[in-house]
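Since the structure comes first, as structure tokens, the remarks are kept for the end.
Please treat every number below as a calculation from the coordinates, not as lab data. None of these values were measured; they are calculated from a predicted model. With ideal geometry, Cβ positions are generated from the backbone for all residues, glycine too; neighbour counts draw on all protein chains shown.
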Amino acid sequence: MIVRPRVRGFICTTAHPVGCAKHVEEQIDFVKKQPQADGPKKVLVVGASTGYGLASRIVASFSFGADTFGVYFEKPAAGGRTATAGWYNTAAFEKAAREAGYYAKGINGDAFSHEVKAQTIERIKKDWGKVDLVVYSLAAPKRVHPDTGELFSSVIKPIGAPFTNKTVHFQTGKISDITIQPATEEEIRHTVAVMGGEDWEMWIQALAEAGVLADHAQTVAYSYIGPEVTHSIYRTGTIGRAKDHLEATARKLDQYLNEKVNGKAFVSVNKALVTQSSAAIPVVPLYISLLYKEMKERGIHEDWIQQMYRLFVQTLYTGNEVPVDEQHRIRMDDLEMREDVQQAIQENWSKLNSENIEELADLEGYRHDFLRLFGFDLEGVDYEQDVEVDVPIE
């Protein structure tokens, strides 16, 4: 079939198999052109199919020469519908990794469940014995608690007071004001349960108790802080409360792993990028469009794969002490939060309107990155050609 993007709100309901494979290939090619490095050889990535999780898996194999196991929740093509982008990404990555001589397998299922954890541990025992690095990059709107069966649903809301600010419809470029009412205590509890650190801790404890964590094993999860303009909807809102829990969990796990295997746990605060998750947060797409313009003009812009290469090769596995802030966080957002970048964004924010957004912000770059998430708008792909959408994952 001929596959075209169908964008509804902040999601795209179609994905292009050839385009997704091309996007994965571009990321692999970037890593291959960088100096190779010593690092972990057996890597588990929970949330491995898109964005930072996928980029982590690519860097692990094509920079460190690591075997990888991915956990993801994606849908194959069915009933005339394409598969999800993460399905196509995983199929392309695992094929490329195996052709390069690396182990690349995974489980498609609910990473929050005890069953998927048990299946993953069984596979590690059978194929590897032990794992050197666990990357936790799970992003999901809902979670069924594996012990109680309670269904938690996360919300994107401020805490304490309504929040009003500018936002953009990124397809049309229309800027408008949006007001979001504050979350209830129950909504806060739900969001922390979905996006906080409890499931990450469950993964690490399950792996440790099963004896499949190698000596000096490390784990890293991903977080975000961002500028003051997004704080009410992000860092001091419901998502931020969940990230506070995630970061507190990292400090707890750091002590736990040190005692168990002389290991370490970190949270990496990454830069703002277009992801399926960030596209859903009001105000954030407008901020990212401004950020892209300023960072590209200064030659310091990084996409997913560049960030993850810098994190793993130039930060986590250098043989030196890992640099962290006072909250034990790795600050990969250092370039985003540079004073000159944030000052320029702050100045342009007050000027922004629907007429000057293309001049003051890189909205076209935002649109391009959004479409790339789903395999569209990539050079060298003929989008008028019939393609096979039923792509298997071995």
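Length gained on full extension, His231 to Met202, computed as 0.36 nm times the residue gap minus the Cα-Cα distance: 7.6 nm. Mean residue ellipticity at 222 nm, helices only, the chain: -12500 deg cm²/dmol; runs of at least 4 DSSP H residues each add -39,500 (n - 2.57), and the sum is divided by the number of residues.
Apply 1/(1 + (r/R0)^6) to the Cβ-Cβ distance of Glu122 and Ser354, taking R0 = 56 Å, and write down the FRET efficiency to the nearest 0.05. My answer for the efficiency is 0.55. Among the chymotrypsin sites (Phe, Trp or Tyr not before Pro) within the range 315-394, those in coil by DSSP and having at most 16 neighbouring Cβ atoms inside 10 Å are Tyr383. A simple spin-label model places pseudo-atoms 7 Å from Cα toward Cβ; at Glu379 and Ala248 they are separated by 4.8 nm. With a Förster radius of 35 Å applied to the C-beta separation of Asp390 and Glu150, the computed FRET efficiency comes to 0.45. Taking trypsin sites (Lys or Arg not before Pro) as exposed when their DSSP state is a loop state and no more than 12 other Cβ atoms lie within 10 Å, the longest site-free interval of the chain runs over 34-350. Can you spot the aspartates and glutamates whose alpha carbon is less than 16 Å from Lys75's alpha carbon? Ignore those fewer than 8 places along the same chain. Excluding near neighbours in sequence, the set is Asp110, Glu388, Asp390, Glu394. Structural descriptor for the chain: relative contact order 22 percent, calculated from alpha carbon pairs under 8 angstrom and at least 6 residues apart.
Distance between the pseudo-spin-label points of Lys75 and Ser113 (7 Å out from Cα toward the beta carbon): 1.7 nm. Restricting attention to the range 102-173, the count of lysine pairs at 8 or more positions apart or across chains with alpha carbons under 21 Å apart stands at 10. Between Thr172 and Ala100, what is the FRET efficiency for a Förster distance of 45 Å, r being their Cβ-Cβ separation, to the nearest 0.05? That pair, Thr172 with Ala100, gives E of 0.60. Residue separation of Gln36 and Asn258 scaled by 0.36 nm, minus their Cα-Cα distance, works out to 77.1 nm of gained length.
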